[in-house]
Amino acid sequence: MFEGQLQDRPHLSEEELRSAVKQAISQLPAPWSSVVTLESGPNTIGRGKVDWLVRVRSGEVPQSTKALELNRVLSDIQHEVERVTGAFVTIILNH
Amino acid sequence: MPEAAIQSWLAMADDNMSAAGELERAGRHRSAVSRYYYSIHHAVHAVLIFWERSVPPRGNWRHRDLPSEFRSAVLQAEGGRQWARVWHEQVQNSYNLRVAADYKPRTEVSQSESSEARRYARAIAVYVQEIVHV
């Protein structure tokens, strides 16, 4: 749970953000730490009106029984990245 | 296809998303969570109409019916089978957060809930934008 006040950080560098996301993914329990990836393509990180938008990819097809778990994993990544950067960052699945 | 209706729903979804972001920045998390939900509600209406689902006579789907209606529609869409349950969960979770924010004063609604609601709203907005072309 993030307890502090997030900030609008439009000048946050993409590298800083990318590093925080990769770190958050590495902290996930198995198998998610190796299933979820952040690709290096140009559309994976973008600046929106509200936040930074980061698209991650799941190497495993989300079976119906995994829907809840997948949502929790994305939530865990986002909370950790927001805690580290202090910025509004939204993590979504690149489908 | 009723393009005007679709564009109206999309415009309302976008307006709610912007408002939610402003409320979240201001630390008004109950209101932010509520607006993020309505952004989803409106975006889902746009895509359901785009897919030519039969709109209820009252002009919109009931909140409690929307997650299942969306899931059914996604299941029938190309490549939608693996995503239907995920989207259903996100709409339902967002609605649950909104009910807590609007009607349960004893339930804490903080930055954490705003972040969660934002994630659902942004994910569905991106999905809908990729589908709806009017």
Can you pull out the residues in the stretch A:66-95 that are over 19 Å from B:Tyr127 (Cα atoms), assigned to a loop (DSSP other than H, G, I, E, B) and within 8 Å of chain B (Cβ to nearest Cβ)?
-> A:Phe88
Here are A:Leu6, A:Leu28, A:Leu17: which of them is among the hydrophobic types (A, V, I, L, M, F, W, C) and either within 12 Å of chain B (Cβ to nearest Cβ) or free of Cβ contacts under 8 Å to residues at least 24 places away in the same chain (or both)?
-> A:Leu6
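Among the candidates B:Arg64, B:Arg58, B:Arg81, single out the residue that is loosely packed, with under 13 Cβ neighbours inside 10 Å and in a loop (DSSP other than H, G, I, E, B).
Only one candidate qualifies: B:Arg58.
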Just one of (1) within 14 Å of another protein chain (Cβ to nearest Cβ); (2) without any contact (Cβ under 8 Å) to a residue 60 or more places away in the chain trips up B:Val99, so point out which.
-> (1)
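Quick test for you: out of B:Gln82, B:Gln7, pick the one residue that is at pLDDT 95 or above and of a type in the set (S, T, N, Q).
On the way: B:Gln82 fails: at pLDDT 95 or above.
Being at pLDDT 95 or above and of a type in the set (S, T, N, Q) holds for just one of B:Gln82, B:Gln7, which is B:Gln7.
Out of the residues in the stretch B:123-134 that are part of a helix (DSSP H, G or I) and touching a helix residue (DSSP H, G or I) at 6+ places or on another chain (Cβ under 8 Å), which is nearest to the other protein chains (Cβ to nearest Cβ)? Spell out how you get there, then give the answer.
First pass over the stretch B:123-134, keeping only residues part of a helix (DSSP H, G or I): B:123-131.
Keeping just the survivors that are touching a helix residue (DSSP H, G or I) at 6+ places or on another chain (Cβ under 8 Å) gives B:123-125, B:127-128, B:131.
Working: B:Ala123: 4, B:Ile124: 9, B:Ala125: 9, B:Tyr127: 7, B:Val128: 12, B:Ile131: 11 Å.
Among those that are part of a helix (DSSP H, G or I) and touching a helix residue (DSSP H, G or I) at 6+ places or on another chain (Cβ under 8 Å), it is B:Ala123.
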List the number of the failed condition for B:Leu75; all other conditions in (1) of a type outside the set (D, E, K, R); (2) within 14 Å of another protein chain (Cβ to nearest Cβ); (3) within 27 Å of A:Leu6 (Cβ to Cβ) hold.
-> (3)
Flagged in the stretch B:28-37 as at the interface with chain A (Cβ under 10 Å from one of its Cβ atoms) and without any contact (Cβ under 8 Å) to a residue 60 or more places away in the chain, in numbering order, are none
In the stretch B:101-134, what residues are farther than 27 Å from B:Ala5 by Cβ and surrounded by fewer than 18 Cβ atoms within 10 Å (Cβ to Cβ)?
-> B:Tyr103, B:Lys104, B:Pro105, B:Arg106, B:Thr107, B:Glu108, B:Ser110, B:Ser112
Close pairs from the stretch A:66-87: first within 15 Å of A:Arg55 (Cβ to Cβ) and modelled with pLDDT of 95 or more, partner in a helix (DSSP H, G or I) and among the acidic types (Asp, Glu), Cβ under 9 Å, at least 6 apart | A:Gln78/B:Glu116
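For the stretch B:41-62, does any single residue satisfy the condition of being out of contact with any Phe, Trp or Tyr (no Cβ under 6 Å at 6 or more places or on another chain) and under 17 Å from B:Arg118 (Cα atoms)? Show your work before the answer.
Residues of the stretch B:41-62 out of contact with any Phe, Trp or Tyr (no Cβ under 6 Å at 6 or more places or on another chain): B:41, B:43, B:47-62.
Now restrict to residues that are under 17 Å from B:Arg118 (Cα atoms): B:41, B:43.
Within the stretch B:41-62, one or more residues are out of contact with any Phe, Trp or Tyr (no Cβ under 6 Å at 6 or more places or on another chain) and under 17 Å from B:Arg118 (Cα atoms).
The values are calculated or read from the model by the stated rules, or taken from the named source; none is laboratory data. This structure is a prediction, so every number in the text was calculated from the model and none was measured. Ideal geometry is used to build each Cβ from the backbone, glycine not excepted, and the neighbour counts take in all protein chains shown.
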